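**Q** Mind looking over this structure? Questions follow.
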Amino acid sequence: MVDADARAVAAGTPADVLVERAGRAVAWAGRELTGGCYGRRAVVVCGPGNNGADGRVAARVLRGWGMRVATIELDAPVDRATTAPAIARADLVIDAMYGTGLRRPLDGDAAWLAGEIGSAVGRVLAVDIPSGVDGTTGVVASAAVAADATITFAARKPGVLFEPGRTLAGDVDVVDIGIEVADDLVGAWSLDRADVLELVPPRAAISHKWSAAVIVVGGSGGMTGAPLLASRAAMRAGAGMVVCALPGGDAPRRASGGEVVTRALPATDDGALATDAVDMVLDELTRFRALALGPGLGRHPETQRAVRELLAQADVPIVLDADGLNALDGRVHLLANRAERGVVTVVTPHDREYERLAGSAVGVDRVAAARALADRARAVVLLKGPATVVAAPGGGPVFLNPTGTPQLATAGTGDVLTGIVAAFVARGVPPVDAAAAAAWIHGRAAVSASASLGATRGSGILAGDVVEALASTLAPDLDL
């Protein structure tokens, strides 16, 4: 953003003009939050940099509209005895202390103010990002402002997508003030519905069921639900034919009866996938466009060997998830070897799976973590969590997914995501685009399912509910 600001000024827009535009946008957002200006009280807390300058303009404009405004400046000691009651009775508090340039924890008066603002009865509006939130990672080192809404300029900052910054920012509005953020300055892309519809084109008119066929290999004793969820999700996401290959003879028989075709694979005595299954799967692969490998497999030693052999020999794109990832036990070179053969792999770890695979924790910078693993593994990495990160190897684009709900933290939803990714890959969508679009659709379907069921914070949704919401979420004519 520093570079983007400098380019805008160099192109002929004076810095004070940019500040004026930003401040007026803040004032208008504050007016909207309070429902008007007449009889309203506002407190604007201004720091020493551009955020403070934006706040001063907002204060001036709000006064002009008839709002009673008190301005608090951080460049002098704050009179806490008078400031606390002013914040307590304010209808609007504008946090213009610090923006994305802050590189230290809030302390002193700033930390105290963050606490007072957090207990304010009135609405809280943050300028660019809540003070105390790291603009890159969303991490809070000490205190931070909790806002009802955040108005940010030119582009959404990653810190308002990652937790806890995502929650602290409230509703985020991106405002154009005349700063162009050129592609070479963008560290990551945040998807929206229009992006997803462009990334996933409609199926061709001449399609047939084998045009986008997916095979799912998963399951073990008592764990057939995971591969079936992945299979049903793949069908809802546009795969014309899905075969769910399960170890043992009994499990496929019990799982049959729907649109998903089941296959029996060799199993160990305790129902795990046996290494003898590898040749059977390889023989099947010639008709399939993608293989989803891992849901419900378990960690039997034979199963883990089978996974590694499939990775070494399969010549179709593989979406590797759950126990498929655990079977690698840190052998990232197996994924890089697939890339040497010109075969794509998409891995979908959550934080613990990432740590086992990469040998190190994700850390605070999730974008950097996803990029590092993508480069090492030469695979597409979908790092799951609030604001899922999708990274491609070789410095390619990074996508951040803004959709989702905490209700996705339930058994089976990861398997649903695996099925969606596999379906999109089978439909011919480039793997990084398929993973990014799948993350968006998955999160949006969960929100839709929650709304249609009337689920609240005290209740939940099931993974199957997300599967059933996929069709309507993918419909291009619905305003979702």
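The values are calculated or read from the model by the stated rules, or taken from the named source; none is laboratory data. Everything quoted here is computed from the prediction, not taken from an experiment. With ideal geometry, Cβ positions are generated from the backbone for all residues, glycine too; neighbour counts draw on all protein chains shown.
**Q** Which of the residues spanning the range 32-72 are surrounded by fewer than 16 Cβ atoms within 10 Å (Cβ to Cβ) and among the acidic types (Asp, Glu)?
**A** The one that is surrounded by fewer than 16 Cβ atoms within 10 Å (Cβ to Cβ) and among the acidic types (Asp, Glu): Glu32.
**Q** Assuming Ala264 fulfils every condition listed in (1) part of a strand (DSSP E or B); (2) under 21 Å from Ala237 (Cα atoms) apart from one, which condition is it?
**A** Of (1) part of a strand (DSSP E or B); (2) under 21 Å from Ala237 (Cα atoms), only one is false for Ala264: (2).
**Q** Among the residues of the range 341-356, write down those that are without any contact (Cβ under 8 Å) to a residue 24 or more places away in the chain and either touching a Leu at 6+ places or on another chain (Cβ under 9 Å) or not basic (Lys, Arg) (or both).
**A** Gly342, Glu355
**Q** Among all residue pairs at least 6 apart or on different chains, which show Cβ distances below 6 Å where the first residue, located in the range 416-431, is over 14 Å from Val467 (Cβ atoms) and the second is in a helix (DSSP H, G or I) and at pLDDT below 95?
**A** Pairs found: Ala426/Ala212; Arg427/Ala212.
**Q** While we're looking at this one, here's another question. On the given criteria, is Gly359 crowded, with 24+ Cβ neighbours inside 10 Å, of a type outside the set (Ser, Thr, Tyr) and touching a residue at least 12 places away in the same chain (Cβ under 8 Å)?
**A** Spelling it out, it is not the case that Gly359 is crowded, with 24+ Cβ neighbours inside 10 Å, of a type outside the set (Ser, Thr, Tyr) and touching a residue at least 12 places away in the same chain (Cβ under 8 Å).
**Q** Can you spot a residue in the range 439-458 that is closer than 17 Å to Ile318 by Cα and either modelled with pLDDT of 95 or more or not β-branched (Val, Ile, Thr) (or both)?
**A** Within the range 439-458 (the criterion being closer than 17 Å to Ile318 by Cα and either modelled with pLDDT of 95 or more or not β-branched (Val, Ile, Thr) (or both)), the answer is yes, since at least one residue qualifies.
**Q** Look through Gly12, Gly99, Gly39 and report the one residue that is of a type in the set (Gly, Ala, Ser), over 30 Å from Val186 (Cα atoms), without any contact (Cβ under 8 Å) to a residue 60 or more places away in the chain and assigned to a loop (DSSP other than H, G, I, E, B).
**A** On inspection, the qualifying residue turns out to be Gly39.
**Q** Oh, and also: Looking for something farther than 24 Å from Leu311 by Cβ, in a loop (DSSP other than H, G, I, E, B) and touching a strand residue (DSSP E or B) at 6+ places or on another chain (Cβ under 7 Å) - is there at least one such residue anywhere in the range 247-256?
**A** yes
Here's the yes/no breakdown for (1) under 16 Å from the mean Cα position of the chain (by Cα); (2) charged (D, E, K, R):
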| site | (1), (2) |
| --- | --- |
| Pro393 | no, no |
| Gly396 | no, no |
| Thr413 | yes, no |
| Leu417 | yes, no |
| Val425 | no, no |
| Gly428 | no, no |
| Asp433 | yes, yes |
| Ala438 | yes, no |
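**Q** Moving on to the next point. Return the total of residues in the range 199-209 being surrounded by 11 or more Cβ atoms within 10 Å (Cβ to Cβ) and under 26 Å from Gly404 (Cα atoms).
**A** Matching residues across the range 199-209 total 4.
**Q** Pick out the one residue from Thr83, Thr71, Thr13 that is closer than 18 Å to Val175 by Cβ, assigned by TED's automatic domain parsing to the domain that holds Asp148 and of a type in the set (Ser, Thr, Tyr).
**A** Values: Thr83 fails: closer than 18 Å to Val175 by Cβ; Thr71 fails: closer than 18 Å to Val175 by Cβ.
Unique residue meeting the criteria: Thr13.
**Q** Sticking with this structure for a sec: Of the residues Val78, Val17, Val2, which is modelled with pLDDT under 95, surrounded by fewer than 20 Cβ atoms within 10 Å (Cβ to Cβ) and β-branched (Val, Ile, Thr)?
**A** Working: Val78 fails: modelled with pLDDT under 95; Val17 fails: modelled with pLDDT under 95.
Every option except Val2 fails the conditions.
**Q** If you take the residues in the range 126-168 that are farther than 18 Å from Arg21 by Cα and β-branched (Val, Ile, Thr), which one is surrounded by the fewest Cβ atoms within 10 Å (Cβ to Cβ)?
**A** Per the criteria, the residue is Thr167.
**Q** Which condition number in (1) closer than 26 Å to Lys384 by Cα; (2) surrounded by 16 or more Cβ atoms within 10 Å (Cβ to Cβ); (3) modelled with pLDDT of 90 or more is the one that Thr224 fails?
**A** (3)
**Q** Report whether or not Ser231 is in contact with a helix residue (DSSP H, G or I) (Cβ under 9 Å, 6 or more places away or on another chain), surrounded by fewer than 20 Cβ atoms within 10 Å (Cβ to Cβ), at pLDDT 85 or above and assigned to a helix (DSSP H, G or I).
**A** Answer is no for this residue.
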